[in-house]
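What follows is calculated from the coordinates using simple rules that are stated; it is not laboratory data. If you're wondering where the values come from, they're calculated on a predicted model, not measured in any experiment. All Cβ positions, glycine included, derive from the backbone under ideal geometry; neighbour counts span all protein chains shown.
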Amino acid sequence: MFETVAERARGAWVKVRRAAKRSPVLTDAYRRGVAFYHGLRVRGVMNRRAGGVDPESLVWIFGSGRSGSTWLRRMMGEMQGHRVWEEPMVGALFGEFYARAPGENLRSADYVMGEPIRRGWIQSVRNFVLDGARYSNPGLKPGEYLVVKEPNGSVGAPLLMEALPEARMVLLVRDPRDVVASVLDAAKKGGWLYDGRDDVAGKRREAADRKPTAFVRARANAYRRGVENAWRAYDAHRGRKVLIRYEDLRADTPGTMKRLYSALGIPADEHELRRAVEKHSWENVPAEDKGEGKSHRKATPGGWKDDLTPAQARVVEKITAPLLERFYPGRDSTDT
C-alpha cells in the first residue's frame, strides 16, 4: 500500500516538472521555489556554523615533526581555557592533494581545487576545518582556545591560513640536522617509531638501518618541504602569529612562552604559565622514558654533531640551506 502511494506521488511530481518545463510561468515559479528552498537550507547551515567553533579561537602549530611540538602543545594545554586538537592531519589532506595536482588540472574550473574556482573551495576548506573542530572538540566553550598541533600537515599551511585568516599561527622551527638525527634514531630497529608501526611499515623503515644516508636525504627533503610551506604561510598571514625556535624554547622556556602568548594576543597568567613549564620540563620526564630510541631522546641543541656522520650532516645542510640561512644565520656547519 505504502509503495503504491509513494509511486503515485513520484509520478505526480514528474508530471508537474514536465508541465513546468512547457510553461514559462510555471518554469519561473518552479525555479523560484527551488531557489527559496535552497536559501533556507543554506541559512540553516550557516546558522549552525555561527554557533560552532570561532575561527579566532584556533591556534595552529606548524613546522616539522621532532621539533618540540608535542612539548609545546602539552604546556599550552595546561593553560586555563585551552583545549588541544591533536594532529588532525587536515593540512596533509588538502595540501598533498593540491601539491600533487597537475598544472593543467589547477587551471581548470572543472577541477575541484582549480584556480578559477579558488574562492569557492577555500570556503569549503574553511567549513570543513571548523566542522571537524566542532565534532572533534564538542566540549569547546565560547572564549576558549583550541591549540591545533599540525606539524606533519604543514604542507597545507598556506591553504589553511588562507581559509582561516582570523586564526593564530605558531611557526615552530628546529635545526634540521637535529630533526633528522632524531628521526633517524627513532626509525632504527628498536626505536619508538620503528616499534610503533606494523610489520609492513616497519620493513620500509629498515632503510634507516640499511641505508642511513638515503634515509637522511629523504627526511631532509621532507623537512624542507614542510617548513618551507609553513614559512610561506607565516609570511602571508596578516593575523596574530609568532616564530619560535626550539633552541630558544629550551634555553629560556618561561621567557619564550611569555613572548609566544604576548605575540598571539592571548592573556596568560604568569604563575599558571610557570606551573605548566615546570610540569613538562625535561628534568621532570622520568629517567626510563629518556634516551636513545625513546621519544624523549636528548633535548640537546647541536646533538646532531654526535649523531650524524660529517657526510650525512652535509647532505642535510645542502638540502635545507635556505632554511638554515633564514632561521640559523651564523650557524655551525661541517665546513667550518
Open item on the list: With θ taken as phi - 60° and the coefficients 6.51, -1.76 and 1.60, list the Karplus ³J(HN,Hα) couplings across segment 72-87 in order, rounded to whole Hz; mark glycine and proline as x.
Closed with: 5, 5, 5, 5, 5, x, 7, 6, 4, x, 10, 10, 10, 10, 8, 6
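Using 25 Å as the Cα-Cα cut-off, could you pick out the over-long pairs in Lys149/Lys211; Lys211/Lys305; Lys189/Lys290; Lys188/Lys305; Lys258/Lys279? Provide the component values of the computation, followed by the final result.
Values: Lys149/Lys211 31 Å; Lys211/Lys305 19 Å; Lys189/Lys290 17 Å; Lys188/Lys305 18 Å; Lys258/Lys279 16 Å.
Correct reply: Lys149/Lys211.
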- [ ] Convert each backbone phi in segment 181-194 into a coupling constant with the Karplus relation 6.51 cos²θ - 1.76 cosθ + 1.60 (shift: θ = phi - 60°), then list the ³J(HN,Hα) values in order as whole Hz, x for Gly and Pro.
- [x] 4, 5, 5, 4, 5, 5, 8, 6, 4, x, x, 5, 6, 5
Task: Residues with amide H under 5 Å from that of Trp85, placed H, sequence gap 5 or more - done: Val147, Val148, Lys149
TODO: Compute the distance in nm between two label points, each set 7 Å from the Cα along the Cα-to-Cβ direction, one at Glu270 and one at Leu26.
DONE: 7.8 nm
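Counting pairwise Cα distances across segment 225-269, what percent come out greater than 16 angstrom?
Numbers: 469 of 990 pairs.
Tail of the P(r) past 16 Å holds 47 percent of the pairs.
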Task: Nearby aspartates and glutamates by direct alpha-carbon distance to Lys241 (threshold 13 angstrom, same-chain neighbours under 8 apart not counted) - done: Glu56, Glu166
Open item on the list: Taking θ = phi - 60°, what integer Hz values does the Karplus form 6.51 cos²θ - 1.76 cosθ + 1.60 yield along segment 57-63, in sequence order, with x for Gly and Pro?
Closed with: 7, 7, 10, 7, 10, 10, x
Open item on the list: Which of Ser154, Ser23, Ser108 has the fewest other C-beta atoms within 10 Å, and how do the rest follow up to the most?
Closed with: Ser23, Ser108, Ser154
- [ ] With a 10 Å radius around each residue's Cβ, average the other Cβ atoms per peptide and rank 90-96, 119-125, highest first.
- [x] 90-96, 119-125
- [ ] List Lys141, Lys149, Lys290, Lys188 from most exposed to least, where exposure is judged by having the fewest other Cβ atoms within 10 Å.
- [x] Lys141, Lys290, Lys188, Lys149
TODO: Give the long-range amide H neighbours of Leu58: residues separated by 5 or more places, or on another chain, with amide H under 5 Å away, using H modelled in the peptide plane at 1.01 Å from N.
DONE: Leu146, Arg168
Task: Rounded, prolate or oblate (a/c below 1.5 giving rounded, otherwise prolate when a/b exceeds b/c) for segment 52-327 by Cα gyration tensor - done: oblate
- [ ] Just subtract the alpha-carbon distance of Asp332 and Ala311 from 0.36 nm times their residue separation and send over the number in nm, one decimal.
- [x] 6.1 nm
